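Student: Next up is a structure, given as structure tokens.
The values are calculated or read from the model by the stated rules, or taken from the named source; none is laboratory data. Treat the numbers as computed from the prediction; the structure is a model and nothing was measured. Here the Cβ positions follow ideal geometry from the backbone for every residue, glycine too, while neighbour counts run over all protein chains shown. For the accessible areas, the whole protein counts, side chains as well, though only heavy atoms, and no ligand, DNA or RNA atoms are used. Shrake-Rupley method; radii C 1.70, N 1.55, O 1.52, S 1.80 Å.
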Amino acid sequence: MFDNLTERLGQSLKSIRGQARLSEENIKEAMREVRMALLEADVALPVVREFISRVKERAQGQEVIKSLTPGQALVKVVQDELVTVMGEANETLNLAATPPAVIMMAGLQGAGKTTTVAKLSKFLADNEKKKVMVVSADVYRPAAIDQLQTLAAEVGAEFFPSDPSQNPLSIVKGAISEAKTRFMDVLIIDTAGRLHVDEEMMNEISQLHKVANPVETLFVVDSMTGQDAANTAKAFNEQLPLTGIILTKTDGDARGGAALSIRQITGKPIKFLGVGEKTDALEPFHPDRVASRILGMGDILSLVEEAEKKVDKEKAEKLAQKIRKGKGFDLEDFRDQLMQMNSMGGVGAMMEKLPGMSNVPDAVKSKANDKEMDKLVAIINSMTPQERRYPAVINGSRKRRVAAGSGLQIQDVNRLLKQHKQMQKMMKKVSKGGLKNMMRGMGGMMPKGGMPF
């Protein structure tokens, strides 16, 4: 997300970063470029106008003029205003209610509501330790109820059964009663997709809202629709008291216009981002971290939090001890590292959070993708336990067997073995001389065309 905007803003602010002093003229020029970058990212025009106006006002003020590095001070002003546009801080769900706390999901068809219900269930169970029940009041879309039942089983949420022949109001009443009986902490209601101009459907969801009396009414919207997402959310909010927004499919949205427009237009906070298809691909929305990401400064804090939650600390400690004892780094260890990266959202998600990645050429980024990692894991899985522990035994005939078993080519197997050797060398340097040698080792791993994967 934000790839195009990051690139354009980077170009716009690059020239002014090095300025010893700022003049009205070079600020005006930079702001013209920033304006174009925001419009190209499909940010709503009123939001762009207000943003540029505020940045100009602050840039010509004392805080920038008197700064020792006015160019950098201007970049800081842009970052602060991006945070203001998207909301000052992460707004968490308000679950302070007599259990069950009811959450109602609303939105257009195809926005990803049902998948988001499952993701939110998993998030609340894993991070808030809540007992979650889900129910589908969508009696219009074929297989909507079955889809939610399947996803609920996958994420370990309780599922309240419903039927297309039932009335949505009676479904919701039954689910609330069952959730109370079973002492559930949270009940999430999945509703049918609807247009705000469909009077009958909007009346239905208003009635559902009165019956459910939810503590949170979340509007689920596809970020790929850009500023239209903000306009749709505004129209829904006029008929339904929304408490927040969940932006879906942000992993496929290179522009980011929705994230920058929604708060200003609706007055409602973005609470979560859907960042992939997996059931754990839901991130709390932190405006300050996203602003940092947009300006190419990365988001190390989110990366560290992700590692804390998803890295197997026991395995990591075992590997560290093994390397310290000089026992080497075999292909099973290599596979574990690849799978740990996958659990953190894959290479793409990690790269997006690293500072300076906007300056890395696309040709290099394309080589570091999750499909390549999956290939490496498939190759290692096609080996025998002996081959994984002692890669030196892999001769020509074994390579042919491994390639056939993984559905890949011999050159793919050769490439993996070469990368593993480079990793081994790096690990030896770590065990002998710490961080400095590791960094030197990592430099040696980087082939001329790009990343090691």
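Student: Taking only region 106-139 into account, find how many residues are in contact with a Lys or Arg (Cβ under 9 Å, 6 or more places away or on another chain), over 16 Å from K278 (Cβ atoms) and surrounded by fewer than 16 Cβ atoms within 10 Å (Cβ to Cβ).
Tutor: Of the residues in region 106-139, 1 are in contact with a Lys or Arg (Cβ under 9 Å, 6 or more places away or on another chain), over 16 Å from K278 (Cβ atoms) and surrounded by fewer than 16 Cβ atoms within 10 Å (Cβ to Cβ).
Student: Let me ask you something else. Identify all residues within region 163-197 that are surrounded by 15 or more Cβ atoms within 10 Å (Cβ to Cβ), assigned to a loop (DSSP other than H, G, I, E, B) and in contact with a Leu (Cβ under 9 Å, 6 or more places away or on another chain); write none if there are none.
Tutor: D185, T191, G193, R194, H196
Student: Scan region 359-395 for residues that are open to solvent by 40 Å² or more (accessible area, probe 1.4 Å), of a type in the set (D, E) and at pLDDT 75 or above and jot them down.
Tutor: Start the filter on region 359-395 by keeping residues that are open to solvent by 40 Å² or more (accessible area, probe 1.4 Å), which leaves 359, 361-363, 365-367, 369-372, 374-375, 381, 384-386, 389-390, 392-393, 395.
So of that shortlist, the ones also of a type in the set (D, E) come out as 362, 370, 372, 374.
Scanning region 359-395 gives E372, D374.
Student: Of the residues in region 229-248, how many are surrounded by fewer than 22 Cβ atoms within 10 Å (Cβ to Cβ) and either of a type in the set (A, V, I, L, M) or touching a helix residue (DSSP H, G or I) at 6+ places or on another chain (Cβ under 8 Å) (or both)?
Tutor: Result for region 229-248: 8.
Student: Here is a check on your reading of the model: is T232 in contact (Cβ under 8 Å) with a residue 60 or more places away in the chain and touching a Pro at 6+ places or on another chain (Cβ under 7 Å)?
Tutor: Working: in contact (Cβ under 8 Å) with a residue 60 or more places away in the chain: yes; touching a Pro at 6+ places or on another chain (Cβ under 7 Å): no.
No, not satisfied.
Student: As an exercise: evaluate M442 against (1) open to solvent by 40 Å² or more (accessible area, probe 1.4 Å); (2) modelled with pLDDT under 90; (3) part of a helix (DSSP H, G or I); (4) more than 17 Å from D333 (Cβ to Cβ) and give the number of the one condition it does not meet.
Tutor: (4)
Student: Scan (1) open to solvent by less than 40 Å² (accessible area, probe 1.4 Å); (2) at pLDDT 85 or above for the single condition N94 breaks and write down its number.
Tutor: (1)
Student: Is it the case, given these coordinates, that L208 is farther than 30 Å from A44 by Cα, of a type outside the set (S, T, N, Q) and within 23 Å of the chain's Cα centre (by Cα)?
Tutor: Working: farther than 30 Å from A44 by Cα: yes; of a type outside the set (S, T, N, Q): yes; within 23 Å of the chain's Cα centre (by Cα): no.
It is false that L208 is farther than 30 Å from A44 by Cα, of a type outside the set (S, T, N, Q) and within 23 Å of the chain's Cα centre (by Cα).
Student: Which residue pairs have Cβ atoms closer than 6 Å, lie 6 or more positions apart in sequence or on different chains, and pair a first residue in region 125-138 that is within 11 Å of F159 (Cα to Cα) with a second residue that is among the aromatic types (F, W, Y) and buried (at least 22 other Cβ atoms within 10 Å of the Cβ)?
Tutor: Going by the 6 Å Cβ cut-off, the qualifying pairs are M133/F160; V135/F160.
Student: Another question, then. Given the options G174, G156, G110, name the one that is closer than 30 Å to T6 by Cα and of a type outside the set (A, V, I, L, M).
Tutor: Residue meeting the stated conditions: G110.
Student: Restricting attention to region 249-280, which residues are open to solvent by 10 Å² or more (accessible area, probe 1.4 Å), over 22 Å from P214 (Cα atoms), part of a loop (DSSP other than H, G, I, E, B) and not hydroxyl-bearing (S, T, Y)?
Tutor: If the condition is that a residue be open to solvent by 10 Å² or more (accessible area, probe 1.4 Å), over 22 Å from P214 (Cα atoms), part of a loop (DSSP other than H, G, I, E, B) and not hydroxyl-bearing (S, T, Y), then K249, A254, R255, V275, G276, E277, K278, D280 are the ones that fit.
Student: Sticking with this structure for a sec: Would you tally the residues in region 272-292 being touching a residue at least 40 places away in the same chain (Cβ under 8 Å) and under 12 Å from E88 (Cα atoms)?
Tutor: The number of residues fulfilling the criteria is 6.
Student: Evaluate the following for E200: is it of a type in the set (D, E), at negative phi, outside any loop (DSSP other than H, G, I, E, B) and open to solvent by 50 Å² or more (accessible area, probe 1.4 Å)?
Tutor: On the way: of a type in the set (D, E): yes; at negative phi: yes; outside any loop (DSSP other than H, G, I, E, B): yes; open to solvent by 50 Å² or more (accessible area, probe 1.4 Å): yes.
It is true that E200 is of a type in the set (D, E), at negative phi, outside any loop (DSSP other than H, G, I, E, B) and open to solvent by 50 Å² or more (accessible area, probe 1.4 Å).
Student: Is there any pair linking a residue in region 143-171 that is more than 21 Å from P100 (Cβ to Cβ) to one that is assigned to a helix (DSSP H, G or I), with Cβ under 6 Å and at least six apart or on different chains, and which?
Tutor: Q147/T114
Student: How many residues, within region 211-228, are hydroxyl-bearing (S, T, Y) and either farther than 27 Å from L5 by Cα or surrounded by 22 or more Cβ atoms within 10 Å (Cβ to Cβ) (or both)?
Tutor: Residues that pass the stated criteria total 2.
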